[in-house]
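Okay, structure first, notes after.
The values are calculated or read from the model by the stated rules, or taken from the named source; none is laboratory data. What you see is a predicted model; the values in this text were computed from it and never measured. Glycine gets a Cβ as well: all are built from the backbone with ideal geometry, and neighbour counts include every protein chain shown.
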Amino acid sequence: MQLHYFFLFFFIFSYATFIIFHRLCDKPFHLNTIAMKKLILFLSVIALISCAKENTEYEDPCNESNLIRKVRINNLDIQEVTYDGNCQLNESIERFAYQKYIYNSSNQLEKIEVKFSYDGVSCYMQPGSTGETFTDPRKAKVGMFFVFEYNVNGTLAKKKLFYNNNDAPQLTSYEVYTYKENQIEKIETFNPNGERNNMNTFEYDSNGNVKKSDFYSISNSTPFLSSSYTYQFDDKINPFLIFAAEGSPGKYTNPNNIITEVLTNYGMNGYQSEDEISYTYEYNSLGYPVMINQNSYIYGN
């Protein structure tokens, strides 16, 4: 196997799992450590160079010019976002993953369908995808999906994760939300048997940003602190608020942008380790970031 295929295969596994569970499951498997972020960034560059992407256009009837449309790294598109006629999030298209957003009659997010369109040792879709290249992941089969349920006051009550097992949906886990003063205070994750697996708690600053999040593992029905994140922010507009309906407090719900995050891991016998990462931004005249470290953000219609 050629070296770049090895990197591609390893990147695919890390990237797809990291992106989907970081955004939608709020870090249940600790894949979002800062070290993993740096590794994925390195591997993503190799993978992007290894497989050339076609110039695929996606329909987007929304004319709002301040919504983010693309994320680029080194002049290569790594994510594209489209919107429906109401300027609600419609699709998120990445190199090997695709998410389709479906709303109910009250314009609440009802379902997210997730597709993966890759082969670990080539740049083509998995069997059954009509031979299309990986550059249009919309043509892949739905691999998993999330279903959202709401309280009578319209707040998110529960999020369920299903995997398609030979086209038969299978409940894998679900999250239950607890609120304090209209902010998500706690997310508890349960297995299909109703057993609690882990828990996240959140603290907010005066602007509504998540300033601290704690992750608790569950052992013998008892939670113990496993890791904590603390954050500092700028005073500019966060373009990723478009993902807020997914119910993952932090990057996708903060009004402002993270400039520093510190991860503290807690081990046995009082052992602790810390890792810190900082983000540098450039902004446009409206206060939206157009550059973060190596990534550039593209807005418009």
Among the listed residues 38, 100, 70, 27, which satisfies the condition of being under 29 Å from residue 230 (Cα atoms), charged (D, E, K, R) and at pLDDT 90 or above? 70
Which of the numbered conditions does residue 236 fail, given that it passes all the others? Conditions: (1) out of contact with any Gly (no Cβ under 7 Å at 6 or more places or on another chain); (2) more than 30 Å from residue 157 (Cβ to Cβ); (3) of a type outside the set (S, T, N, Q). (1)
Please specify each residue of the range 132-190 satisfying the condition of being acidic (Asp, Glu) and either under 24 Å from residue 80 (Cα atoms) or in a strand (DSSP E or B) (or both). 132, 136, 149, 175, 185, 188
Strands (runs of 3 or more DSSP E) (entirely within the range 69-119) containing at least 1 residues that are hydrophobic (A, V, I, L, M, F, W, C) and without any contact (Cβ under 8 Å) to a residue 24 or more places away in the chain: 97-103
Just wondering, is there one or more residues in the range 244-256 that are within 28 Å of residue 160 (Cα to Cα), in a helix (DSSP H, G or I), touching a residue at least 60 places away in the same chain (Cβ under 8 Å) and in contact with a helix residue (DSSP H, G or I) (Cβ under 7 Å, 6 or more places away or on another chain)? yes
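State which residue is nearest to residue 248 (Cα to Cα) when the search covers only the range 204-224 and only residues that are in a strand (DSSP E or B) and more than 19 Å from the chain's Cα centre (by Cα). I'd like the intermediate steps shown before the answer.
Of the residues in the range 204-224, the ones in a strand (DSSP E or B) are 204, 210-219, 222-224.
Now drop any that are not more than 19 Å from the chain's Cα centre (by Cα), which leaves 204, 216-219, 222-224.
On the way: 204: 14, 216: 16, 217: 18, 218: 20, 219: 23, 222: 23, 223: 20, 224: 21 Å.
Step by step, filter the range 204-224, then rank; the result is 204.
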Top-ranked residue in the range 277-295 [being within 16 Å of residue 235 (Cβ to Cβ) and in a loop (DSSP other than H, G, I, E, B); ranked as farthest from the chain's Cα centre (by Cα)]: 285
